[in-house]
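Reviewing the structure listed below.
The values are calculated or read from the model by the stated rules, or taken from the named source; none is laboratory data. Just so we're clear, the structure is a prediction, and the values are computed from it rather than from any experiment. Heads up, the Cβs are rebuilt from the backbone with ideal geometry, glycines too, and the neighbour counts pull from every protein chain shown.
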Amino acid sequence: MAARRPRMKWSVMSQKVQAVIVRAKDAPVETVTIIVPDPGPGEAVVDILTCGVCHTDLHYKLGGIGNEYPYLLGHEATGVVSKIGEGVDNVQVGDRVILNWRAVCGQCRACAKGQAQYCFNTANATQKMTLEDGTELSPALGIGAFAEKTLVAAGQCTKVDEDVDAAAVGLLGCGVMAGIGAAINTGEVKRGESVAVIGCGGVGIAAIAGAQLAGATTIVAVDIDDDKLAMAKNMGATHTVNSKNEDAVEGIKAVTGGFGADVVIEAVGRPETYKQAFYARDLAGRVVLVGVPTPEMKLELPLLDVFGHGGSLKSSWYGDCLPSRDFPMLVEQYKLGRLDLDAFVSERIGINDVEAAFTKMGEGKVLRSVVEL
Ligand SMILES: NC(=O)c1ccc[n+]([C@@H]2O[C@H](COP(=O)([O-])OP(=O)(O)OC[C@H]3O[C@@H](n4cnc5c(N)ncnc54)[C@H](O)[C@@H]3O)[C@@H](O)[C@H]2O)c1
Ligand SMILES: [Zn+2]
Ligand SMILES: [Zn+2]
């Protein structure tokens, strides 16, 4: 029998897959067909297994991050590398990876100073994914993973063990890493310290888990939603304050000897909660802003109070993480039973359920909805 000739067709150079986009500010999300090119030099195509719904995706939809519509949403993902481009040597086809939005360049001025966790020149794929009519897509955080496949810079892939739940460890790709890192990297929480976390969504509760991993002994959770406070308690908070009913600053001071916490982590991204964080820390304490504000927000503080409180006011970009160092380390902590990543997965949903997941997020019903692809 004559051997069949391999079918050479256009799909060898690119593939059509289903993905979730938003076409305009506050338009409903849509599941559409997109075209994913074959990887060029330094790029990889990843078959997505799971992708969490992060508040940052909602920020994209609502116009809080930019105006480069259509956005290809989703960025908290686990997948399997299915194709690699020329010169890629950090991953191989078949590797289980978590996608990251900090592909360290090794050469920018931050990297040159040995501070690769701030890398100012992180790479995304050079080629564009498009709609079928050729319209170029802007992938959220350079990832775009509410999609059966996505194209990324190979450096955005961090290889991790396969013998773990993809949905749980994929959350390390953004929100959970941002929260844990806000505590352990940016806040440098030490054994025996007191920590308060304002805002107990996926990011804030991860900050609580991070504070616990780092050995904090007093961990105060603040939120306006009792269900979130109950989740925070399950994840290691020693005290809770519902700031709808009680003054957040007084509530934090009441359980820290009247002084305030050594570290206060703001995980909402609003001026009023930042002010609470600012005043709820002890003298010389640290404030960490991990919540992302929107462009119109302004903050006013008496400069004398900034001076008088001393300490440091820091922002936490992605938990100041180094994916190659922190993702495998946290997967290991999960495997050892010290970090309950399963508790962050509130529900597993399909690709058509992202809009509903945004609604549930707004209603405070979930920590993370995770899309399974
Ligand atoms: N810095 C980073 O690298 C990074 C990474 C991921 C997400 N984020 C940001 O972190 C923030 C939180 O993300 P998330 O996914 O946890 O969101 P989320 O919507 O799941 O959680 C927000 C939480 O804040 C609470 N909240 C709202 N208003 C409050 C108030 N006035 N006082 C106290 N609590 C209040 C809500 O009840 C909810 O529990 C967002 O701004 C998101 O964009 C930052
Ligand atoms: Zn760099
Ligand atoms: Zn995110």
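Specify which of the listed residues (ALA216, ALA254) is in contact with a helix residue (DSSP H, G or I) (Cβ under 9 Å, 6 or more places away or on another chain) and either at pLDDT 95 or above or under 18 Å from ALA178 (Cα atoms) (or both).
Working: ALA254 fails: in contact with a helix residue (DSSP H, G or I) (Cβ under 9 Å, 6 or more places away or on another chain).
The conditions single out ALA216.
Counting only residues that are within 24 Å of ALA178 (Cβ to Cβ) and charged (D, E, K, R), how many does the range 65-105 have?
Of the residues in that region, 5 qualify.
What number of residues in the range 270-294 are under 21 Å from HIS55 (Cα atoms), in contact (Cβ under 8 Å) with a residue 60 or more places away in the chain and touching a Gly at 6+ places or on another chain (Cβ under 7 Å)?
Count: 6.
Considering GLY85, GLY114, which residue is farther than 23 Å from VAL331 by Cα, away from ligand 2 (no atom under 13 Å from the Cβ) and of a type in the set (Gly, Ala, Ser)?
Details: GLY114 fails: away from ligand 2 (no atom under 13 Å from the Cβ).
Exactly one of GLY85, GLY114 is farther than 23 Å from VAL331 by Cα, away from ligand 2 (no atom under 13 Å from the Cβ) and of a type in the set (Gly, Ala, Ser), namely GLY85.
I need the helices (runs of 4 or more DSSP H) fully contained in the range 71-186, keeping only those with at least 3 residues that are more than 15 Å from ligand 1 (Cβ to nearest atom).
Numbers: elements: 109-112, 166-170, 175-181.
The qualifying helices (runs of 4 or more DSSP H) are 109-112, 166-170.
In the range 282-302, what residues are within 22 Å of PHE259 (Cβ to Cβ) and either out of contact with any helix residue (DSSP H, G or I) (no Cβ under 7 Å at 6 or more places or on another chain) or loosely packed, with under 12 Cβ neighbours inside 10 Å (or both)?
The answer is ASP282, LEU283, ALA284, GLY285, ARG286, PRO302.
The conditions are (1) more than 16 Å from ligand 2 (Cβ to nearest atom); (2) in a loop (DSSP other than H, G, I, E, B); (3) closer than 17 Å to ALA154 by Cα, and ILE48 fails exactly one of them. Which is it?
ILE48 satisfies all of (1) more than 16 Å from ligand 2 (Cβ to nearest atom); (2) in a loop (DSSP other than H, G, I, E, B); (3) closer than 17 Å to ALA154 by Cα except (2).
Which of the residues spanning the range 52-103 are touching a strand residue (DSSP E or B) at 6+ places or on another chain (Cβ under 6 Å) and of a type in the set (Ser, Thr, Tyr)?
Within the range 52-103, TYR60, TYR71, THR78, SER82 qualify.
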